[in-house]
């Protein structure tokens, strides 16, 4: 992705702080559709962000609360309206999940820890809260450091513990996805693994009737195209759809190799938005057009099947996009789009093939006519040369006769 794409996330300051905006209803159950996130137009012909994003901004205006942990942020109407401000630097990796012996899985980034309690119920309490590692089952403690909540093993972490540490940004991106899935009316759970450990979803979405599952992966660390394709294939073998989400400033190389989008944290007063990976096909221009979409709206569309990953045909790989007053030309082999846009691409390709076939036939006819005309010209030239030679021979014979006389 060109460097002209500017991220809306604020850069870390010299003191190591990073601002992450989390604007979502923090509900532990399924959210009720309030009618704010409407289904997309069938062709995705309009930019939904132009209609929905201002409304979301008005409803969920963030409140600055510096130097407070997530449990200390203002909660208004079930919405997390604060700013998590962390001293954990981007390279800092810690566990954000643990298992409570009675309540089950806890998530440090949620105000209710995912089970209806507060941080003070597990942090620095006596007797010590019965927390354990979800993988090695070793004892863990709740830790609050520099305004950041996480869990840690008692003493040294076992060398054979498979629990993956994660960055603050990765954890918060997962929580944003978790909230968007629940807002869409689906059940969402963090860190769900296959029985054989062949895959492990950052967030697993399950339909209300339990018939469908879709994995959501927040991918911040570098990964090769073959590796991410292999992981996607493992989900497909299990009958699970998947969407990879990158919150980086630049779109990763694999964004069109697997079902993926780039989601950007909002600036003040906005909301998370998908600004690469969603597109609509424009028949009049015969090209794809990128559509910026609020992340909760995209999640709802993807879960409900209103948008699906569609392969972009080779002739349509080049996509023009104006960013910051500059025109960029992107190359994309896959988009999340509606069934109508997929059909429009297929129909436009058929139309182009017919045009090309007519052009090919006309070109062949032109070449055949030119070849025939050239053949006639050559035959006429041959006849003219024969006449010239015949005349030359007659003249030569006449000269010989005259010289003999």
Given segment 219-264, what whole percent of its Cα pairs are spread farther than 12 Å?
59
The value for segment 351-405 (convex hull of the alpha-carbon atoms, volume per residue, Å³) is 30
Based on a Kirkwood Rh over C-alpha pairs, give the Stokes-Einstein translational diffusion coefficient of segment 109-189 at 20 °C and viscosity 1.002 mPa s in µm²/s.
150
How far, in nm, would the chain grow between residue 237 and residue 211 when pulled straight, counting 0.36 nm per residue and subtracting the alpha carbon separation?
7.8 nm
Fully extended contour minus Cα-Cα distance, from residue 349 to residue 137, at 0.36 nm per residue
70.7 nm
So if the hydrodynamic radius of segment 296-405 is defined as the Kirkwood radius over C-alpha pairs, what does Stokes-Einstein give as its diffusion coefficient at 25 °C and 0.890 mPa s, in µm² per second?
118
Simple label model, 7 Å out from Cα along Cβ direction - residue 380 to residue 304, nm:
7.2
How much of the calculated P(r) for segment 275-325 lies past 17 Å, in percent of all Cα pairs?
41
FRET E, pair residue 357, residue 250, Förster distance 35 Å, beta-carbon r, rounded to 0.05:
0.30
Report the extension gain between residue 373 and residue 229 in nm, rounded to one decimal, defined as 0.36 nm multiplied by the number of residues separating them, less their alpha carbon distance.
46.2 nm
If I take R0 = 45 Å and measure r between the Cβ atoms of residue 198 and residue 365 in this structure, what FRET efficiency does the formula 1/(1 + (r/R0)^6) give, to the nearest 0.05?
0.20
Hey, rough spin-label estimate for residue 390 and residue 121, points 7 angstrom out along Cα→Cβ, what's it come to in nanometres?
11.4
Evaluate the relative contact order of segment 160-285 (contact order divided by residue number), counting alpha-carbon pairs under 8 angstrom at least 6 apart; express in whole percent.
15
For segment 151-243, share of DSSP beta bridges that run antiparallel, in % to the nearest 5:
75
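Every read-out reported here was derived from the displayed coordinates using simple, explicitly stated rules and does not represent laboratory data. Only a predicted model underlies this, so the values are computations on that prediction, with no experimental measurement involved. Backbone-built Cβ (ideal geometry, glycine too); neighbour counts: all protein chains shown.
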